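Below is one structure, written out as structure tokens; the observations come after it.
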Amino acid sequence: MENADKERTVQKMFSSIARYYDLNNTLLSFGVHYRWKRQMVEMARLQPGDFVLDVGAGTADLAILAAEKVGRAGKVIASDLNEPMLKIGKEKLARASESLAMAAPSTDCILANAESLPFEDQSVDVVLTGFCMRNVANLDKALGEIFRVLKPTGRFACLEFSTPEYKFLRWLYDFYSYQFLPAIGTYVAKDKTGVYQYLTDSIRLFPNQEAFSERIKKAGFTEVTYSNKTGGIVAIHTATKGNL
């Protein structure tokens, strides 16, 4: 699939399931996705006053977790290319900011492509991204943009589906992905675009842990590492722009 065609197709599919996205994430991961996201935010080592950019924010779960960490002096922006998803994220982020009251950082949601981020060079302390990188049209271009906007010692953390570590787990995960996930996801979201089959296929086509780490290094990052979660069903990748 050509890059432009992939982008249009992916956005159409995600628009169709936007209002069911959070529900299906919880059902299909048995609620574990919340734990994965919290673990990733911890590994990103957010500090009070940080400017945090959530790339491919979707419904802004990571942006909300970041807002709880950076405090009143901080800034959190959720960016996504999909307007229906971002609209839901904006409402959630606003409610989260209200609950934080005087401790709430500056927050915003913007429509933006991960491959062309509307931020100045070296302007962001931390970039977070969850379940986004496998959906971009050009992975290396997106990683290059993340590298560009980060400050010289900026930090990058990415949560993404990956390759299970054990043969039995890979077999079980294949069965779950190709049988259970598309059926339940499609039923709950009343989807007719095939997005849940696409999601399964996109996971299989995405580079495994080591290969993705090499792509991150190729973009210029240092201190590149990853941590497998739930047997490698997902991996949390972290890196810095320069040596700390």
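The values are calculated or read from the model by the stated rules, or taken from the named source; none is laboratory data. What you see is a predicted model; the values in this text were computed from it and never measured. Don't worry about glycine lacking a Cβ; one is built from the backbone with ideal geometry, like all the others, and counts go over all protein chains shown.
Quick notes on this structure:
- Lone qualifier among G220, G194, G185 - being out of contact with any Pro (no Cβ under 6 Å at 6 or more places or on another chain), at pLDDT 95 or above and surrounded by 14 or more Cβ atoms within 10 Å (Cβ to Cβ): G220
- Filtering segment 86-128 to residues that are farther than 20 Å from T9 by Cβ, outside any loop (DSSP other than H, G, I, E, B) and hydroxyl-bearing (S, T, Y) leaves S97, S99, S106, T107.
Results for (1) of a type in the set (F, W, Y); (2) within 18 Å of S123 (Cα to Cα); (3) at pLDDT 85 or above, shown as yes or no for each residue.
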position	(1), (2), (3)
A4	no, no, no
E7	no, no, no
N25	no, no, no
M40	no, no, yes
A44	no, yes, yes
V55	no, yes, yes
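A quick yes/no check of all residues on (1) over 23 Å from H237 (Cα atoms); (2) among the hydrophobic types (A, V, I, L, M, F, W, C); (3) in contact with a strand residue (DSSP E or B) (Cβ under 8 Å, 6 or more places away or on another chain):
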| position | (1), (2), (3) |
| --- | --- |
| G31 | no, no, no |
| Y34 | no, no, no |
| M40 | no, yes, yes |
| I64 | no, yes, no |
| A73 | yes, yes, no |
| E91 | yes, no, no |
| I110 | yes, yes, yes |
| E120 | yes, no, no |
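- For segment 143-179, taking the residues that are among the small types (G, A, S) and under 20 Å from Y198 (Cα atoms), the one that is surrounded by the most Cβ atoms within 10 Å (Cβ to Cβ) is identified as S162.
- Residue match in segment 31-39 (condition: surrounded by 16 or more Cβ atoms within 10 Å (Cβ to Cβ), not small (G, A, S) and not in a helix (DSSP H, G or I)): no
- When L46 is tested against (1) of a type outside the set (V, I, T); (2) over 14 Å from the mean Cα position of the chain (by Cα); (3) part of a helix (DSSP H, G or I), just one condition goes unmet, and that condition is (3).
- Subset of segment 142-179 that is out of contact with any helix residue (DSSP H, G or I) (no Cβ under 8 Å at 6 or more places or on another chain), in a strand (DSSP E or B) and at pLDDT 95 or above - its residue that is farthest from N113 (Cα to Cα): P152
- Exactly one residue out of Y20, Y34 is touching a helix residue (DSSP H, G or I) at 6+ places or on another chain (Cβ under 7 Å) and hydroxyl-bearing (S, T, Y), and it is Y20.
- Residue check for G232: in contact with a Lys or Arg (Cβ under 9 Å, 6 or more places away or on another chain), among the small types (G, A, S), surrounded by fewer than 17 Cβ atoms within 10 Å (Cβ to Cβ) and more than 17 Å from V41 (Cβ to Cβ): no
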